[in-house]
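Structure provided below as structure tokens; questions to follow.
Any read-out appearing in this document is the output of simple, stated calculations on the displayed coordinates, not a laboratory observation. Source: prediction; values computed, not measured. Here Cβ is always computed from backbone atoms with ideal geometry, including for glycine, and neighbour counts include all displayed protein chains.
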Amino acid sequence: MEKSDKGGENMFAHTSLGFCMWDIPALIVLILIIVIFIVHRHNQKKREEEFEDQLSEKWADESVNTGNTGGPTA
């Protein structure tokens with residue numbers, strides 16, 4: 001009697017310790033994506049803070065040059 005590969009016996013042929021052979025590479029890719037996301041978010045926050053500083057300096061320079069304090073005009 002010949003056994004076929006379609007049975008449940010061969011289901012765990014490519015596993016060891018309960019891991020599929022694609023689990024480790026998928027875990028590595030997931031960790032890389034998380035690290036890239038954290039680095040990108042950190043850099044984006046830094047750029048946003050620099051932009052806000054430049055914008056506030058520009059507004060301060062414009063208000064000094066025009067004599068406008070930003071308040072309502074009568």
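Would you mind counting up the charge near A60? Only other residues with Cβ under 15 Å from its Cβ, with Lys and Arg at +1 and Asp and Glu at -1.
-4
What does the charge count near H42 come to, summing +1 for each Lys or Arg and -1 for each Asp or Glu among other residues with Cβ under 15 Å from its Cβ?
+1
How large is ³J(HN,Hα) for each residue in the range 21-27, as worked out from phi by the Karplus curve 6.51 cos²θ - 1.76 cosθ + 1.60 (θ = phi - 60°), to whole Hz, x for Gly and Pro?
5, 9, 5, 5, x, 5, 5
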